[in-house]
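A short worksheet on the structure shown next.
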Amino acid sequence: MIKGDKLLLRGAGVYIIIGLLLAWSLIGVYSGVGFVKSIFPGDTERILQAHIDYLLMSALLLGIASVRIPILWHIKWAMVIGALTNSGIFVVFAMAPYLDPGSEAFVPDSIGDKILHYGARASFVITTYGFGGAGISVINSTFFKKGKS
């Protein structure tokens, strides 16, 4: 195992578990379980989006880890942090619909809206840096280097 792949594998493992918890939360909301509905008062679509996004990010992390090529540590960290925060935005929207621009309960120009607005953009930049850097590393690994076939 290449040093640092543990980070990607641990991140993927955690995000798979979060994805499963979100799947059960979705069932709880659909079934009318009171405490689950109190945690997720927003649109169930956002819970589903978070569920799918966490599983997608897990698959990407596992895929990058499986190719076993050297990737810079800061790119790996950006991938793991970006996967958490990017997917987490949907969880926030499901838990606080007043922060969700797609919700009827949305309260524009609130402090929470501004924090989430800039936080989401920071998350997109971090995620793009991480997965974009990993993509470039994968492409770069396909070219021959002197003395190697």
ask   = Taking helices (runs of 4 or more DSSP H) that do not extend beyond the stretch 1-86, which have at least 2 residues that are buried (at least 21 other Cβ atoms within 10 Å of the Cβ)?
value = 5-31, 44-66
ask   = All but one of (1) under 13 Å from Ala94 (Cα atoms); (2) at pLDDT 95 or above; (3) polar (S, T, N, Q) hold for Thr44; which doesn't?
value = (2)
ask   = Among all residue pairs at least 6 apart or on different chains, which show Cβ distances below 6 Å where the first residue, located in the stretch 73-86, is farther than 12 Å from Ser58 by Cα and the second is in a helix (DSSP H, G or I) and among the small types (Gly, Ala, Ser)?
value = Ile75/Gly130; Ile75/Gly133; Ile75/Ala134; Ala78/Gly130; Thr85/Ser123; Asn86/Ser123
message = Within the stretch 83-93, does at least one residue satisfy the condition of being of a type in the set (Ser, Thr, Tyr) and either on the phi > 0 side of the Ramachandran plot or modelled with pLDDT of 85 or more (or both)?
response = yes
task = Select from the stretch 87-99 the residues that are in contact (Cβ under 8 Å) with a residue 24 or more places away in the chain and either within 11 Å of Ala120 (Cβ to Cβ) or small (Gly, Ala, Ser) (or both) and list them in ascending order.
result = Ser87, Gly88, Ile89, Phe90, Val92, Phe93, Ala94, Ala96
request  = Tell me which residues, restricted to the stretch 109-149, are exposed (fewer than 10 other Cβ atoms within 10 Å of the Cβ), of a type outside the set (Phe, Trp, Tyr) and modelled with pLDDT under 85.
outcome  = Asp109, Lys145, Lys146, Gly147, Lys148, Ser149
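The values are calculated or read from the model by the stated rules, or taken from the named source; none is laboratory data. Bear in mind the structure is a predicted one, so any value in this text is a computation, not a measurement. Note: ideal-geometry Cβ built from the backbone for every residue, glycine included; neighbour counts use all protein chains shown.
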